[in-house]
Amino acid sequence: MTERKLKILVVDDCPEDREVVRRYLADERFRLQEVATAEAGLRLLASEPFDCVLVDYELPDASGVQFLDEIPAYGRPAVVMVTGRGDEQTAVRSLKGGAQDYLVKGDFTRTRLERVVDAAVEMVAMRREIDGRRKELEQFAATTAHDLKAPLRRIGSLCQMVLNDAVECLEGESAENLRLIRDEVERMSRFVEDVLQLSVIVGTQSAREPVDLGRLLVDLEDAFRPALAEVGGELVHRGLPTVEGDRLLLRRLFQNLIDNAIKYRSERPLRIEIDAARGEQGWLVSVRDTGQGIPADSLERIFEMFCRLHGDCTAPGVGLGLTICQRVVERHRGRIWVESTPGAGSAFRVWLPSGEALS
Ligand code: ADP
C-alpha cells in the first residue's frame, strides 16, 4: 500500500530559504508547494487542504502570528514557524498563537525538519480526533437533555400538584418522599438546562460587540449580593477592560466563576477579587478566591464535562459550569486555566485576545 504524501505549504519570501526546505524535504513522502507572501499562502489554504504549513515569521505582508490568526478558518493544518536565530520570544509567541512547533533558520538538519513536520502533523490529527469525540459526546448529551426536558418538567409539576392538593391525605413518610422526588427532579432539570446551554454555546453563532466587563461585573455584583451576604463574602473588581465579544456568553462565564467561588468556599472569610492585566495581544482577567482550592492533579480535569471534585458536598451542580466557561472562552479564541493552592484558594485565569473575530 502506498502511503499518502504529506502536503506541505512553504510560505517564505526568501528563495534561498525555500531552496533549503525543498532540498531537505525531497523525500517522496512529501509534496511541496511554495509561496512568497502571506496573502498567497492564505489564498492557497482556502482552496485546498494542506497537512502542514512551514511559515517564515517575517513575511513581507504580515507577521507570522498574524498569518497564524487567519489559518483556523481554513481547517487548521499543522503549523511550524520558522524564526530567526536567538529569537526565543517569537518562538514562544508562535506556540501560544497555535503553532505546533518552531525551527530556527540555518540551524536545522534534514532529520530535525522531517521529525518536526511529522510530529506537528500527528499532533493536529490527534487534536482533530479528540475534538471529534468531544463534539459527538456533546451532541449525544444535547439530544438526551432535549428529550428529558419535557417529561421532567411534567413529573416536577405533578409532584407539586399532589403536594399542594393532597398532602394531608398522605400517610407515613409519603409526603416527605414526594418532596425528595420533587427536589431530585429539580436537580435533574438543572442538569438538563446546563447541558442544553452548553449545546447552544457550541452550536450557535455568537454576537460580537464591545463588552464593558466593569459594567458587566457591576450587574453581577447586584445579582450576587444576597448570596454573598448569606455567606459573609465580598466581591471586589477593578480595572476591567472593554473587550470585543458576546455579552451574554461573557456574563455566563463570570457568573459561573463567581458562583463556584461561593459554592466551594472554605472556613476562611470569602473574598473574590477580579482584575485584569493588559498583555501584548489581549487581556488576562483573573478571578481569585479564598476558597478550598483544587489539588494539583485536578487542575485540568475540572474543565471536563461532568467532573466534580467535591462529590460528597451539598453544593448544587452537575459538573458542567466550568465546561461552559471553557466553551465560552474558546468562542472568544481565548484560553482559560486555573492556578490553585489547596487550602488557600484558586485563581481562574481567562486570556481574551484583543480585536479578535469570534470563532
Ligand atoms: P459544578 O460546580 O456543577 O460541580 P463545575 O464544572 O463548575 O461544576 O466545577 C467542576 C468542579 O471543580 C467542582 O465540582 C469543584 O469540585 C471544582 N471547582 C470549581 N470551581 C472551584 C473553586 N473556585 N474552588 C474550588 N473548587 C472548584
- Task: Kindly indicate whether E114 is over 26 Å from V202 (Cβ atoms), assigned to a helix (DSSP H, G or I) and either in contact (Cβ under 8 Å) with a residue 24 or more places away in the chain or touching a Cys at 6+ places or on another chain (Cβ under 8 Å) (or both).
- Result: yes
- Candidates V338, V318, filtered to the one that is in contact with a Phe, Trp or Tyr (Cβ under 7 Å, 6 or more places away or on another chain), at pLDDT 95 or above and within 12 Å of the ligand (Cβ to nearest atom): V338
- Note on the structure: C325: passes all of (1) at pLDDT below 90; (2) under 30 Å from Q281 (Cβ atoms) but (1)
- Scan the stretch 197-215 for residues that are in a helix (DSSP H, G or I) and more than 26 Å from M305 (Cβ to Cβ) and jot them down. L213, G214, R215
- Message: Quick check on my filter: what residues within the stretch 97-140 are closer than 19 Å to L9 by Cβ and β-branched (V, I, T)?
- Response: V116, V117, V121, V124
- Item | Residues within the stretch 274-298 that are under 20 Å from the mean Cα position of the chain (by Cα) and within 10 Å of the ligand (Cβ to nearest atom), tallied | 4
- Task: Say whether the condition of being exposed (fewer than 14 other Cβ atoms within 10 Å of the Cβ), assigned to a loop (DSSP other than H, G, I, E, B) and within 14 Å of the ligand (Cβ to nearest atom) is met by at least one residue in the stretch 229-239.
- Result: no
- Query: Where in the stretch 1-72 are there strands (runs of 3 or more DSSP E), lying fully within it, with 3 or more residues that are without any contact (Cβ under 8 Å) to a residue 60 or more places away in the chain and under 29 Å from the mean Cα position of the chain (by Cα)?
  - Reply: 52-56
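The values are calculated or read from the model by the stated rules, or taken from the named source; none is laboratory data. This structure is a prediction, so every number in the text was calculated from the model and none was measured. For neighbour counting, all protein chains shown are included, and Cβ atoms are generated from backbone atoms with ideal geometry for every residue, glycine included.
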